[in-house]
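These notes concern the structure reproduced below.
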Amino acid sequence: MAWTTESRWNGVLVLLAVFPLWELLSRAKLLHPLFFPPMTRILRALGEIMLSGNLPGHIVASLQRAAAGYFLAAAVFITLGILMGYWQRLYNLFELVIELARPVPPPALIPVAILFFGIGNEMKVFIIFFSCAWPILINTIDGVRGVDRVLVNTALTFGLGRFELIRKIIIPAASPYIMTGLRISVAISLILVVISEMVGSTDGIGYFILNAQRSFEIPEMYAGMIVLAALGYTLNRVFVLVDGRLMGWHKGLTARLR
Amino acid sequence: MAERGRPSFRLAGLGVLVALLCLWELASRTGYVYEVYFPPITRIAGTFLRILLDGTLVQHMLATLGRFGRGYLLAAALAVSAGLVLGYWRLLFTFFEPLIEFMRPMPSPAIIPIAILLFGIGDEMKIFVTLYACSWPILLNTIDGVRSIDRTLFNTALTFGLGRWELIRKVVIPAASPQIVTGLRISLAIALILVTTAEMVVSNDGLGFFILDEQRSFRIAEMYAGIFTLALLGYTLNRVFLALDARVMGWHRGLTKKEIL
């Protein structure tokens, strides 16, 4: 065995080897060059559509939809989750409805959304809103219910009112859970924006990829996929960064406790 | 949370559900909401029964389930095996980690166009898409499960002279199984989403196709009946999984409970 070191370079090497291998196999026609065009052609296509202004427009359209649905879901369902976690009666009232609505696969609602909103932006925002709802809601409820009784009782002893209690104790104490729900929903929002753009749209990155395949512009299709992967990666990194900033106190706290 | 199981509170939840359904029915019958978009619940229920009995729903459901089952089980077999290998041999993992990190953030529906290109618009395409999307949670959870196994278990097994294959079969797989099951559960929901999506993009049967097709033909009651069937399917699959989980993994829950006590 020549390779015995467990360094990160191993993987980078493999990753770097994939590209020339793809290029070679495609040029030698061992891979069907129509279905697997050479890497250099894909990269050239990527450069062209990025510069022509075609792709940036699609990216912006997709990002706007994802952001609108995501932030709407965050605002509505964090609020609802805090209320439902805090007031047990409210939870009991809506538990059954939630349990029935949750197993609906979000794409199943696309036809309903098309019916009500047409195939414009509202339809996609609604679908993203619906699919991001569950992780945020369930995690927030869990977080609020898991708040240490001692914290709540201490706050009450010091004479905090109900709203102060929620603002100063419940929300900070539940925030790690809320962040988990928000993180899961970032990935979900991107998936659903792609799906809804594939089913009915005239722009957006999901539309772009499917349309490129249908017009047999295969290098463009791969270029779109690379952009999508980069987008998913970047969004995740941004979230981790924001999380680190906002929740730094929490990480510091738990690390110290250990 | 002692109130949770009390029947009066459960009844309250049921009351809210019934009230919502009645409200829908009334609003639709009185024309308060557009009746074409919100047909009365009773009509949807009637339609559901009709297309269930004439076999339409069953036929589409079987098509969806067939694709779902093949994609999901294939993903389980491949991803668990790959995860065991990658989790066990660290060296191998270092080779593939960046590749995995590179491919994972791409939203899985983006694979649909390639799948159409390679497999056409038939069953294989949908099975491939499902397989691809399900593989990630299973693979990553399996790798994680294997890597976090207690060293003591390994050393004990080695002390007792277990060979490598026996070690994997008798120690690694059982010890990693709780996390493998977690990956399998996450993938269950993903599989249903991707099958439905693939059927919406191109298909001529399956529940995803059925729902979109009914909407496009403006048979709205049928569309709602289809969505209800899909929700029912999702719910049932989850229940079946939990039941299987309790059976297969019962030993694990018994173990951890004992340790806590």
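The values are calculated or read from the model by the stated rules, or taken from the named source; none is laboratory data. Computed from a predicted structure; not experimentally measured. Neighbour counts are summed over all protein chains in view; Cβ atoms, including those assigned to glycine, are modelled from backbone coordinates with ideal geometry. The protein model used for the area step is the full one, side chains on, heavy atoms only, and it has no ligands, DNA or RNA in it. Shrake-Rupley method; radii C 1.70, N 1.55, O 1.52, S 1.80 Å.
With the cut-off at 25 Å, report for segment B:132-261 the share of all Cα pairs above it, as a whole percent.
Details: 3882 of 8385 pairs.
Result for the distance tail: 46 percent.
Let me spell out the model: positive unit charges on the Cβ of Lys and Arg, negative unit charges on the Cβ of Asp and Glu, origin at the Cα centre of the protein assembly as shown. What dipole size does that give, in debye rounded to 20? Walk me through the numbers before you get to the answer.
Values: 45 positive and 32 negative charges, 314 e Å.
Its charge dipole is roughly 1500 debye.
Highest GNM mean-square fluctuation, chain B, Cα pairs closer than 10 Å: which of B:THR229, B:THR56, B:THR196?
B:THR56
Pop the C-beta distance of B:THR42 and A:LEU25 into the FRET formula with R0 = 56 Å and round what comes out to the nearest 0.05.
Values: r = 60 Å, r/R0 = 1.08.
The formula returns an efficiency of 0.40 here.
Mind checking which of A:PHE77, A:PHE208, A:PHE94 has the largest fluctuation in a GNM of chain A, springs on alpha carbons under 10 Å?
Maximum among the listed residues: A:PHE94.
Which residues of segment B:223-246 end up with at least 20 Å² less accessible area in the presence of all protein chains than when their chain stands alone, using a 1.4 Å probe?
Going by heavy-atom accessible area, the residues of segment B:223-246 that drop by at least 20 Å² are B:MET223, B:TYR224, B:ILE227, B:LEU230, B:ALA231, B:TYR235.
So how far apart, in nm, are the two label points at A:ARG89 and B:PHE241 if each is 7 Å from Cα heading toward Cβ?
About 3.6 nm separates the two model spin labels.
Please find, in a Gaussian network model of chain B (springs between Cα atoms separated by less than 10 Å), the residue of B:VAL201, B:VAL80, B:VAL129 whose mean-square fluctuation is greatest.
Fluctuation is largest for B:VAL201.
Taking square-rooted eigenvalues a ≥ b ≥ c of the alpha carbon gyration tensor, is segment A:158-198 rounded, prolate or oblate, where a/c under 1.5 means rounded and, failing that, a/b exceeding b/c means prolate?
Because a/c hits 1.5 or more and a/b exceeds b/c, segment A:158-198 counts as prolate.
Any residues in segment A:212-234 that have 40 Å² or more less accessible area with all protein chains than in their chain alone, probe 1.4 Å, and which are they?
So the qualifying set is A:GLN213, A:MET225, A:ALA229.
Of B:ASN204, B:ALA82, B:MET103, which is farthest on the positive side of the dipole of chain B, counting Cα position, with +1 on Lys and Arg Cβ, -1 on Asp and Glu Cβ, and the Cα centre as origin?
Result: B:ALA82.
Using helices alone, what [θ] at 222 nm do you get for chain A, with -39,500 (n - 2.57) per DSSP H run of 4 or more residues, divided over all residues and rounded to the nearest 500?
-26500 deg cm²/dmol
State the three equivalent ellipsoid semi-axes of the protein assembly as shown, derived from the C-alpha gyration tensor as the square roots of 5 times its eigenvalues, in descending order and whole Å.
Result for the protein assembly as shown: semi-axes of 37, 34, 25 Å.
List the DSSP H helices in chain A whose Cα atoms stretch 24 Å or more along the helix axis and whose mean Kyte-Doolittle hydropathy is at least 1.0.
Once both thresholds are applied, what remains is A:9-27, A:54-86, A:171-199, A:218-246.
Compute the separation of the alpha-carbon centres of segment B:210-224 and segment A:146-190 and state it in Å as a whole number.
42
So what's Rg/Rh here for segment A:39-257, counting alpha carbon atoms and using the Kirkwood radius for Rh? Could you put the intermediate results ahead of the total?
Values: Rg = 20.9 Å, Rh = 19.4 Å.
Here the Rg-to-Rh quotient is 1.08.
Report the calculated FRET efficiency for B:THR159 and B:LEU92 (r = Cβ-Cβ distance, R0 = 22 Å), to the nearest 0.05. Don't jump to the answer; show the numbers that get you there.
Working: r = 25 Å, r/R0 = 1.15.
About 0.30, to the nearest 0.05.
Dipole of segment A:39-257 (Lys/Arg Cβ +1, Asp/Glu Cβ -1, origin at the Cα centre): which of A:VAL144, A:GLY69, A:SER189 lies farthest to the positive side?
Going by the Cα projections, it comes out as A:VAL144.
Rolling a 1.4 angstrom probe over the protein heavy atoms, how many square angstrom per residue are accessible across chain A?
51
Could you state the number of Å between the C-alpha centres of segment A:27-88 and segment A:113-129?
Between the Cα centre of segment A:113-129 and that of segment A:27-88, the gap is 17 Å.
Averaged over its residues, how many other protein chain Cβ atoms are within 10 Å of peptide B:183-193's Cβ atoms?
2
Of all accessible surface on the protein assembly as shown at a 1.4 Å probe, what whole percent is carbon and sulfur?
67
Add +1 for every Lys or Arg and -1 for every Asp or Glu among the other residues with Cβ under 15 Å from the Cβ of B:ILE112, and state the total.
Here the charged neighbours net out to -1.
Can you compute the helix-only [θ] at 222 nm over chain B? Use -39500 (n - 2.57) per DSSP H run of at least 4 residues, normalise by all residues, nearest 500 deg cm²/dmol. Could you put the intermediate results ahead of the total?
Numbers: 12 runs with 208 residues, N = 261.
For chain B, the value works out to -27000 deg cm²/dmol.
Please calculate how many Å² of accessible area segment B:1-118 carries per residue, with a 1.4 Å probe and no DNA, RNA or ligand atoms counted.
It amounts to 53 Å² per residue over segment B:1-118.
Kirkwood Rh over Cα pairs of chain B into Stokes-Einstein at 37 °C, 0.692 mPa s: D in µm²/s?
So the translational diffusion coefficient is about 152 µm²/s.
Cα convex hull of segment B:39-156: mean projected area in nm², to one decimal?
Convex hull of Cα atoms, orientation-averaged projection: 11.7 nm².
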